[in-house]
1. With θ set to phi - 60° and the Karplus curve 6.51 cos²θ - 1.76 cosθ + 1.60, what are the ³J(HN,Hα) couplings of region 185-195 in order, to the nearest whole Hz, using x for Gly and Pro?
2. Going by the alpha-carbon gyration tensor, a ≥ b ≥ c the square roots of its eigenvalues, is region 104-235 rounded (a/c under 1.5) or, if a/c is not under 1.5, prolate (a/b greater than b/c) versus oblate?
3. State the extension gain, in nm to one decimal, for the chain segment bounded by residue 193 and residue 122, taking 0.36 nm per residue of separation less the distance between their alpha-carbons.
4. With charges only on Cβ, +1 for K and R and -1 for D and E, what is the dipole size of region 130-235 about its Cα centre, in debye, rounded to 20?
5. Spelling out what I want: for every residue of region 85-92, take phi, set θ = phi - 60°, compute 6.51 cos²θ - 1.76 cosθ + 1.60 (Karplus), and round to whole Hz; glycine and proline get x.
6. Under 21 Å Cα to Cα from residue 119, which lysines show up? Leave out anything in the same chain fewer than 8 places away.
7. Within 13 Å, Cβ to Cβ, of residue 104, how many net charges do the neighbouring residues add up to if Lys/Arg are +1 and Asp/Glu are -1?
8. Which of the lysines could be linked to residue 185 by a straight reach, that is with a Cα gap under 27 Å, when you skip same-chain ones fewer than 8 residues away?
Amino acid sequence: MWRRVASLSSSISSSFLAQTASRLNTWESLTTGIAQQAKGVIAPKEKTPFITFVLGGPGSGKGTQCIKIVETFGFAHLSAGDLLRREIASKSADGAMILNTIKEGKIVPSQVTVKLIQKEMELSDNHKFLIDGFPRTEENRVSFEQIIGVEPNVVLFFDCPEEEMVKRVLNRNEGRVDDNLETIKKRLTVFQALSLPVINYYSEKGKLYTIKAIGTEDEIFEQVRPIFAAFETVG
Ligand SMILES: Nc1ncnc2c1ncn2[C@@H]1O[C@H](COP(=O)(O)OP(=O)(O)O)[C@@H](O)[C@H]1O
Ligand SMILES: O=c1ccn([C@@H]2O[C@H](COP(=O)(O)OP(=O)(O)O)[C@@H](O)[C@H]2O)c(=O)[nH]1
Ligand SMILES: [Mg+2]
């Protein structure tokens, strides 16, 4: 956990601090609380974070492929939808609002989702994060950048035909309140209107990797594998 390095920070030489200053900037907002504990010295994390956003319509196979990426490349998997469902289950203050939003296929306010993601990142021992199903709107994206203070290294887009996504969601069988035809239709409209602009943004930034999300799970993973393999080689 990156908290533990806070106590070491006072013994780190100033030249080391100078060398790592730009890296630390990326962690500044995430580490603010910890930095304050360390007598005003910003606590370095052991490694620069490597962030992947995993995007795609409902049922495009994001979660399924994330499991394979975790197994093969050792990322921490943070599913925004799972974090929100956990809030509902824990009967937190936001639980009822989140449940209604999910049933309607709408998007939960950015601050709520970003706070949950931030907490998970802080608690993780890992520095490689797969953020699954987020950001879903431009507002989500900007909010993450402002609150967390970092941008993704890689953005995966699972590109899947609508009729295939509908078929998969209706067969998902996980007892989800949003896996019904009425909600999925709303979700597809929200995806087109609000999520595609985020995907286009990262395409223009040269960070987008588009995966043709039809075929078997293994066939799809063979498109995903080389993307991360290339980053492993670079170091
Ligand atoms: N390549 C695939 N072919 C057929 N079904 C798939 C494929 N990948 C995932 N599924 C199934 O489709 C459903 C939706 O997949 P999931 O990973 O939950 O998608 P998402 O997280 O994008 O909504 C699940 O029931 C999953 O088992
Ligand atoms: O950043 C997020 C992620 C999810 N959701 C809500 O949670 C639902 C389910 O998201 P999840 O990623 O679990 O769905 P999937 O795409 O995997 O079917 C979405 O339709 C939204 O209502 C949200 O508001 N913000
Ligand atoms: Mg999912």
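All of the numbers you see were taken from the coordinates with simple rules; none came from a lab. Everything numeric in this text was worked out from a predicted model, so none of it was measured. Note that each Cβ is placed from the backbone with ideal geometry, even for glycine, and that neighbours are counted across all protein chains shown.
1. Along region 185-195, the couplings run 4, 5, 5, 5, 5, 5, 4, 4, 7, 10, 8 Hz.
2. In terms of gyration-tensor shape, oblate.
3. On the way: separation 71, 0.36 × 71 = 25.56 nm, distance 3.17 nm.
Stretched out fully, the residue 193 to residue 122 stretch lengthens by 22.4 nm.
4. 200 debye
5. 5, 5, 4, 4, 5, 7, 6, 6
6. Cα-Cα hits under 21 Å: 45, 47, 91, 128.
7. Values: positive: 103, 106, 185, 186, 187; negative: 178, 182.
Local net charge: +3.
8. The qualifying lysines are 62, 103, 106, 167, 212.
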